[in-house]
Amino acid sequence: LIELNALKIAEDRTFADCARFIFTTIVGLCFPAAKTVSKEYKDLYYQGPQESLDVTDKSVRNKFLSHLKSLLNEWGNLLQRFLKNEDDQVELLLTFEEYCSDEGVFHAEKGSMCADAFCQVLQLLYDSDVVSEEAILAWAEEKQSAEAEDRVFLDKAKPFLAWLEEADSDEYESDEYSEEESDED
């Protein structure tokens, strides 16, 4: 943590910038190490077959998600420390979109290999308390008014967003029921 804070200061970065790169590094560890990775770090990466991971294949996607879940369990608290507010969490989701699109600074990261698992990764981020429901819904709302080509990942996330909204309405109905019961007492 001290090294990351020092790097943040030295590079004049925000906490959100640090969180973005921590997260994309965590996701990158779910893939086989590139040939340029030093031997001392290769054990941090996915250790399965070295062929290209195709997360459109269900068994490969499950392995990817399982590895990501274990990494988020291990590193999620660190990530949370750098996500100071809802806006930072929305930025993380926008960064993950960029990563999955192989755009910007991520053009050589092979992030497009996990684009088909976007919805499940979103749920992992939510389940591990890295990203809040409010941040996910704010991201989705921001994407609603975007051009069609910028809504690709919003479309991929629709099943999870529907589940979130359904769970939220169930919670609201449960709260109303509890209030009615207490009014009767």
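Figure the gain on full extension for N73 and W163 (residue separation times 0.36 nm, minus the Cα-Cα span) and round it to one decimal in nm.
Using 0.36 nm per residue and subtracting the Cα-Cα distance, I get 30.2 nm.
Which of the peptides 66-76, 131-141 is most tightly packed, and how do the rest follow, judged by the mean count of other Cβ atoms within 10 Å per residue?
Packing proxy ranking, top to bottom: 131-141, 66-76.
On a full-extension model of 0.36 nm per residue, what is the gain between D17 and L94, subtracting their alpha-carbon distance, rounded to one decimal in nm?
26.5 nm
Could you state the orientation-averaged shadow area of the convex hull built on the Cα atoms of region 12-103, in nm² to one decimal?
Its average projected convex-hull area is 7.1 nm².
Filter K58/K110; K42/K63; K35/K110; K84/K110; K63/K110; K110/K156 down to the pairs with a C-alpha to C-alpha distance above 21 Å, please.
The pairs that break the limit, which is 21 Å between Cα atoms, are K84/K110.
Sorted by mean Cβ packing within 10 Å, highest first, what order do the peptides 147-157, 26-36 take?
So the order, starting with the most tightly packed, is 26-36, 147-157.
Bear in mind these aren't lab numbers, they're just calculated from the coordinates by the rules spelled out. As the structure is a computational prediction, the values presented were derived from the model and not from experiment. All Cβ positions, glycine included, derive from the backbone under ideal geometry; neighbour counts span all protein chains shown.
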